[in-house]
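What follows is a short report on a single structure.
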Amino acid sequence: MDTAQSTPEARTRVKLPPDPYRDDEPRPGRGRRPLVLLAALVALVAAITIVNRSTHHSGGSPTADQSSGASNASNPATNPAGPVTSQFDSSGLPGNTADGVPIGYPHTARGAESAAANYVVAYSSSAMINPTERHKLIDAIADPAIASDLQTQLDTAYTQVDNSLGLSADGVPPSGQTFVQRSAPVGVTLVKSSSNDATVSVWTVTLSGLAGQGSTHPVVENWSTITVTLRWTGGDWKWVSFASTDGPVPTSGQQVVSGGQDLQKAVNQFGGLRYAR
């Protein structure tokens, strides 16, 4: 996809903050200085990136990128690193759920891809704004070695988000409005893997904001590529960390932007989807 066709000057974007747990210097600017839409949305994006922990890779480093070759369903390291999108294959589907989050993925490359995509959907959902639901979600997807520390970090971050958006301490939006935070994967690719570690990139579009009459925090879209690090632990692929980059961003179409009430109706009418791989 030719991202040069996009027009960032005419589009409001929210840039992800640098990872506070990395030792290396921030990467040079991308030449596309984003505009600040709202302080609340900046805080929201900051909160959903806190998962990149200092504990990532503590259980060993993944192998170098895998070259293409014959696949082996029992070992992700022998699978090609390129995307597998030719046809639906149930070999990577989860076998269970925990508080609505799909879990129980096979110990395969397909299983890692499916886990990464579903975890991105869960982690970018509106459930994160509610403390009780957030704790359940993180317990379901995160490596137990980082879960407790992650809960503490997110509780602090989402307090700021709640205040900025005018939500209650339990994540309840203002009367007549609906909080929107929903992500839809467009595609996945296995970057690298070993028998117990996998890195998967998920190209996704996310909607976030407050929908409804009188909203001062309109729902906006954001295209990004989220690269998730997973570890095989306790008989499942678990979330260890992620890094997020902008785009690829499609050229905006000619459709008229919907009003806040129309978006609110759509969000309430259409449920979110799980990712099938």
Treating each Cα of the range 124-205 as an identical point scatterer and ignoring solvent, apply the Debye formula and state log10 I(q)/I(0) at q = 0.14, 0.21 Å⁻¹.
-0.62, -1.06
Using θ = phi - 60° and Karplus 6.51 cos²θ - 1.76 cosθ + 1.60, couplings along the range 198-208 (whole Hz; Gly, Pro as x):
8, 10, 10, 9, 10, 7, 9, 10, 10, 9, 8
What is the range 114-155 by shape, rounded, prolate or oblate, if you read a ≥ b ≥ c off the alpha carbon gyration tensor as root eigenvalues and call it rounded for a/c under 1.5, prolate for a/b larger than b/c, and oblate otherwise?
oblate
What is the P(r) of the range 100-247, as percent of Cα-Cα pairs per 5 Å bin from 0?
2, 10, 18, 20, 19, 15, 9, 5, 2, 0, 0
With a 10 Å radius around each residue's Cβ, average the other Cβ atoms per peptide and rank 236-246, 92-102, 108-118, highest first.
108-118, 236-246, 92-102
Please give me the summed charge of the neighbours of residue 231: other residues whose Cβ is under 10 Å from its Cβ, Lys and Arg +1, Asp and Glu -1.
-2
In terms of modelled amide H atoms, which long-range or inter-chain residues lie less than 5 Å from the amide H of residue 191?
199, 200, 201
For a footprinting-style exposure proxy, rank 226, 103 by other Cβ within 10 Å, fewest first.
103, 226
Fully extended contour minus Cα-Cα distance, from residue 270 to residue 147, at 0.36 nm per residue:
41.2 nm
Sum of side-chain charges, residue 107 neighbourhood, beta-carbon under 13 Å (Lys, Arg +1; Asp, Glu -1):
0
Residue order, fewest to most beta carbons within 10 Å, for 265, 192
265, 192
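Read the figures in this text as sums done on the coordinates, not as results from a lab. Keep in mind that what you see is a predicted model, and the values were worked out from it rather than measured. Every residue, glycine as well, gets a Cβ built from its backbone with ideal geometry; the counts of neighbours run over all protein chains shown.
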